[in-house]
Number of protein chains: 2
Amino acid sequence: MTDLKTLGENAVKAKYKAALISTDKKNEVLIKCAKALQENAASIIAANELDLNNAVQNGMSKAMQDRLRLTPQRIDGIAEGLHQVAALPDPVGEIMEEFDRPNGMHITKVRVPMGVIGIIYESRPNVTPDAFSLTFKAGSACILKGGSDCIESNKAIVKVLRNVLEEEGLDPDILQLIESTDRAVTAEFMKMKEYIDVLIPRGGAGLIRAVVENSLIPVIETGTGNCHVYIDKDADLEMAVNILFNAKTQRISVCNACESLVVHSAVKDKVLPMIYEKLSEKNVELRCDAPSLDVLGDKAVPATEEDFGKEYLDYILSVKTVDSVEEAIDHINKYSTHHSECIVTENKEAAEMFQERVDAACVYVNVSTRFTDGFEFGFGAEIGISTQKLQARGPMGLREITSYKYRITGNGQIRG
Amino acid sequence: MTDLKTLGENAVKAKYKAALISTDKKNEVLIKCAKALQENAASIIAANELDLNNAVQNGMSKAMQDRLRLTPQRIDGIAEGLHQVAALPDPVGEIMEEFDRPNGMHITKVRVPMGVIGIIYESRPNVTPDAFSLTFKAGSACILKGGSDCIESNKAIVKVLRNVLEEEGLDPDILQLIESTDRAVTAEFMKMKEYIDVLIPRGGAGLIRAVVENSLIPVIETGTGNCHVYIDKDADLEMAVNILFNAKTQRISVCNACESLVVHSAVKDKVLPMIYEKLSEKNVELRCDAPSLDVLGDKAVPATEEDFGKEYLDYILSVKTVDSVEEAIDHINKYSTHHSECIVTENKEAAEMFQERVDAACVYVNVSTRFTDGFEFGFGAEIGISTQKLQARGPMGLREITSYKYRITGNGQIRG
């Protein structure tokens, strides 16, 4: 295996070349990659079988096995994803600002590639071509470190993609995979500050925490979502129940799913039984504070303090009662992971206050939190949902994984 | 002294209040702060005397003592700086984008404060009011950790500023100073991820490295500049000498000063003697590679490999000869700290290639690198020069220390 230092040096060489590839060429290559993945589906699926066999032997859960599995249909889906990225506008070279200074200097702020992007993710082989396509279109080289459980699948996919790069006369090191499954290598990877411009972890809270705590490379944190729906006293209660049901149950395992209900005391007696009835369709367990427990009685269980900070990713919902929108905002700001928060209200003043004061990437009025997504926002594909405030917040598309530079032109200006 | 945890909790409470202060009120407070610093100049200078006495006893160099010293004139300068920040446009609340989605959701991307900004800096008491004024105007709370050598000056300044906040009915914890000079406290401060949104180190390379290596909080790296001036074969040589002289000697201790000359072999015989003559006015030592040493003989000394990577901050210049603009670009990208780089040329193609391919925050054509500065770029004050690619690159003004959020409004949209 190539050692990490060589990998880093190769990536740096490749980034300068990646930055200069024209938009047309990038799109052409992405479409060829899609075709090559489909043509090589059999060998990729064979590699995936090795991973699945190991997974079964290692006692991996059925749900995890399903995430790991590749099928011809899923490879078609991946190929379709590459076509979508090819169709997106190229962010590189965009003139962001342009101005003159009194001394005659002309300054242009222009969008440029990030350089080398490192991505650390779990055992989902679909992330491999997805991450490559986005970083490639954004003009960067990438180094990928996927979960060890899908190493054979990743090697097979990367081999196909690197072949296309080579056939197209490009540097294959624009895409590199860390093949070692040794944790020490991953730890070392996160220290490679001199080669890598940004590290993006994609996966569960544990993975993200490990990266943030150990990386010397700037990190964009993604994905943990303790999302709230707040039902205001002036809510359309039927709308509120529909939004809550959608946000909680439409897909429970995702970061933009609702984990906690905040309800105004003025409507709790009316809306909580409606909510109980609707959520019972999916057997959602309600973990209630005292006032809401009073309403629901033995239809619910008492919440502990910890419940309000939890990202369940399960058919469980915590319930908190408040006496005002201000109290709702304070509660949410205290427990939020700053991902997506929603108020249901017909009151413009309450909506405005909520959107202004809630500290989250996406603050919704009368819309399900499930829309926090690059596709739903119209960004095309996304590389993740940022929950930090630096660089990017919320859904990250191509622009969010670029940087900029200033180009200054003059005729001999010196500083006095 | 307040313990760090309390400091963090206070900052979080204060950030929500800071975010809601109107532009007019912020400007009014900044002007009152300026006035208060001038009115309390005597007590601030008395505190500064304590620091200076300690500094003398501790054998601090004259240059460092000068950076530490406050005088009535310098306090006037600080007050003037606060007036300038008051006059800058408020970045908070700016609508950055606004669009509708096919399902009827209306999405607004709006600029919001960063939250809590931590700043770690060296023994320059002028940074204290400067950092406060910028973070305050940008709607954030700040926690400052200045060099221990200026702790008494910082305490006196912060006391005056916090008094103004309190008199104006604002939360004084919008500005907090870490008064402990214990290094363990600083180390602990850099781990306070749950309270602080971004950490900005301001100072020398050692300080910045220590923060990057130890912080769990996202960091914006600032300031290290190994800046190059490349004199192309098609340069106006007189202009080239003037730019180099300015970039190297106008102020040697700053990050945008030139540290290395790259010269095209076709002009080296002509331009190097001109450069030697001009730079002799300031006794600049030239450390040359073999071809340039051939030209200058005993007027220069040989460069080692390390010289090309050095930020001297001194009257020393390394000299590298190249045979093409491509070779110049490769050399610069190898040794650059990605701060500011300059080409002197009358050749548009060479200029374009240089600006496109050199990987730096600011890439100049026929302009001195000394212009990389928030004031010179027209941003008003600056909080530093970012040399990383995440969040901000180059001079960072108010906008660069803000974040954004998405506000999404609808009428019951749920995801299918």
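Quick one: B:Val127 ticks every box in (1) modelled with pLDDT under 95; (2) of a type in the set (A, V, I, L, M); (3) farther than 30 Å from B:Thr6 by Cα except a single one, so which number is it?
That leaves (3) as the condition not met.
Among the residues of region A:14-27, which ones are surrounded by 15 or more Cβ atoms within 10 Å (Cβ to Cβ) and of a type outside the set (Val, Ile, Thr)?
Within region A:14-27, A:Ala14, A:Lys15, A:Tyr16, A:Ala18, A:Ala19, A:Lys26, A:Asn27 meet the criteria.
Has region A:147-168 got any residue that is β-branched (Val, Ile, Thr) and outside any helix (DSSP H, G or I)? Write out each step before concluding.
Initial filter on region A:147-168 (β-branched (Val, Ile, Thr)): A:151, A:157-158, A:160, A:164.
From the residues that got through so far, the ones that are outside any helix (DSSP H, G or I) too are none.
No, the conditions are met nowhere in region A:147-168.
Going by the structure shown, is B:Ile120 in contact with a strand residue (DSSP E or B) (Cβ under 9 Å, 6 or more places away or on another chain) and modelled with pLDDT of 95 or more? Before the answer, list the steps.
Values: in contact with a strand residue (DSSP E or B) (Cβ under 9 Å, 6 or more places away or on another chain): yes; modelled with pLDDT of 95 or more: yes.
Criteria met by B:Ile120.
When you look at A:Leu161, is it over 26 Å from B:Glu356 (Cα atoms), in contact with a Cys (Cβ under 7 Å, 6 or more places away or on another chain), surrounded by 20 or more Cβ atoms within 10 Å (Cβ to Cβ) and among the hydrophobic types (A, V, I, L, M, F, W, C), yes or no?
Yes.
With respect to the numbered conditions (1) surrounded by 13 or more Cβ atoms within 10 Å (Cβ to Cβ); (2) more than 23 Å from B:Arg67 (Cα to Cα), which one is the sole condition not fulfilled by B:Val254?
(2)
Quick one: which strands (runs of 3 or more DSSP E) sit completely within region B:331-416 and have at least 1 residues that are farther than 28 Å from A:Pro218 by Cα?
Counting at least 1 such residues, we get B:340-344, B:362-367, B:402-413.
Within region B:100-137, track down each residue that is more than 9 Å from every other protein chain (Cβ to nearest Cβ), part of a loop (DSSP other than H, G, I, E, B) and in contact with a Ser or Thr (Cβ under 8 Å, 6 or more places away or on another chain).
Within region B:100-137, B:Ser123, B:Pro125 meet the criteria.
If you go through region A:393-409 one residue at a time, how many are surrounded by fewer than 22 Cβ atoms within 10 Å (Cβ to Cβ) and among the aromatic types (Phe, Trp, Tyr)?
Residues meeting the conditions: 1.
Could you check region A:369-384 and list, in sequence order, the residues that are within 27 Å of B:Glu194 (Cα to Cα) and either within 7 Å of chain B (Cβ to nearest Cβ) or at pLDDT below 95 (or both)?
Those that are within 27 Å of B:Glu194 (Cα to Cα) and either within 7 Å of chain B (Cβ to nearest Cβ) or at pLDDT below 95 (or both): A:Arg370, A:Phe371, A:Asp373, A:Gly374, A:Glu382, A:Ile383, A:Gly384.
Filter region A:65-91 down to the residues that are in contact (Cβ under 8 Å) with a residue 40 or more places away in the chain and among the β-branched types (Val, Ile, Thr), then identify the one that is nearest to A:Asn53 (Cα to Cα).
A:Ile78
Based on this model, can you work out whether B:Glu352 counts as without any contact (Cβ under 8 Å) to a residue 12 or more places away in the chain and either more than 9 Å from chain A (Cβ to nearest Cβ) or at positive phi (or both)?
yes
Have a look at A:Ile329, A:Ile316, A:Ile408 and point out the one that is within 23 Å of B:Arg393 (Cβ to Cβ), touching a helix residue (DSSP H, G or I) at 6+ places or on another chain (Cβ under 9 Å) and of a type in the set (Val, Ile, Thr).
A:Ile408
Those residues that are at the interface with chain A (Cβ under 7 Å from one of its Cβ atoms), at negative phi and touching a residue at least 60 places away in the same chain (Cβ under 8 Å), I need them from region B:391-414; list them, please.
The first filter runs over region B:391-414 and keeps only residues at the interface with chain A (Cβ under 7 Å from one of its Cβ atoms), leaving B:391, B:393-394, B:403-414.
Going one step further and asking which of them are at negative phi, we end up with B:393, B:403-411, B:413-414.
B:Ser403, B:Tyr404, B:Lys405, B:Tyr406, B:Arg407, B:Ile408, B:Thr409, B:Gly410, B:Asn411, B:Gln413, listed by residue number.
Looking only at region A:82-94, decide whether some residue is of a type in the set (Asp, Glu), assigned by TED's automatic domain parsing to the domain that holds A:Glu152 and in a helix (DSSP H, G or I). Quick ask: steps written out before the conclusion?
From region A:82-94, those of a type in the set (Asp, Glu) are A:90, A:94; that's our starting set.
Those still in the list that are assigned by TED's automatic domain parsing to the domain that holds A:Glu152 too: A:90, A:94.
With the extra rule that they be in a helix (DSSP H, G or I), the set shrinks to none.
No: region A:82-94 contains no residue that is of a type in the set (Asp, Glu), assigned by TED's automatic domain parsing to the domain that holds A:Glu152 and in a helix (DSSP H, G or I).
Can you tell me which of A:Asp307, A:Asp314, A:Asp298 is out of contact with any His (no Cβ under 9 Å at 6 or more places or on another chain), over 21 Å from A:Glu221 (Cβ atoms) and in a loop (DSSP other than H, G, I, E, B)?
None of the others qualify; the one that does is A:Asp314.
Going by the structure shown, is B:His338 of a type outside the set (D, E, K, R) and touching an Asp or Glu at 6+ places or on another chain (Cβ under 8 Å)? Don't jump to the end; show me each part of the working.
Numbers: of a type outside the set (D, E, K, R): yes; touching an Asp or Glu at 6+ places or on another chain (Cβ under 8 Å): yes.
Judged against the criteria, B:His338 is a match.
Looking at region B:62-73, is at least one residue of a type in the set (A, V, I, L, M), assigned by TED's automatic domain parsing to the domain that holds B:Lys159 and either touching a strand residue (DSSP E or B) at 6+ places or on another chain (Cβ under 6 Å) or not in a helix (DSSP H, G or I) (or both)?
Within region B:62-73, one or more residues are of a type in the set (A, V, I, L, M), assigned by TED's automatic domain parsing to the domain that holds B:Lys159 and either touching a strand residue (DSSP E or B) at 6+ places or on another chain (Cβ under 6 Å) or not in a helix (DSSP H, G or I) (or both).
Give region B:321-340 a look and list any residue that's of a type outside the set (Ser, Thr, Tyr) and within 10 Å of another protein chain (Cβ to nearest Cβ), or say none.
B:Ile329, B:Asp330, B:Asn333, B:Lys334, B:His338
When you scan region A:277-285, do you find a residue that is at negative phi, surrounded by fewer than 16 Cβ atoms within 10 Å (Cβ to Cβ), more than 14 Å from chain B (Cβ to nearest Cβ) and assigned to a helix (DSSP H, G or I), even just one?
Within region A:277-285, one or more residues are at negative phi, surrounded by fewer than 16 Cβ atoms within 10 Å (Cβ to Cβ), more than 14 Å from chain B (Cβ to nearest Cβ) and assigned to a helix (DSSP H, G or I).
Just checking, how many residues over region B:315-331 are more than 15 Å from B:Ile343 (Cβ to Cβ) and within 26 Å of the chain's Cα centre (by Cα)?
Total satisfying the criteria: 4.
The values are calculated or read from the model by the stated rules, or taken from the named source; none is laboratory data. Bear in mind that the values here come from a model prediction, so they are computed numbers and not experimental data. Methodologically, a virtual Cβ is constructed for each residue, glycine included, from the backbone with ideal geometry; neighbour enumeration extends over all protein chains shown.
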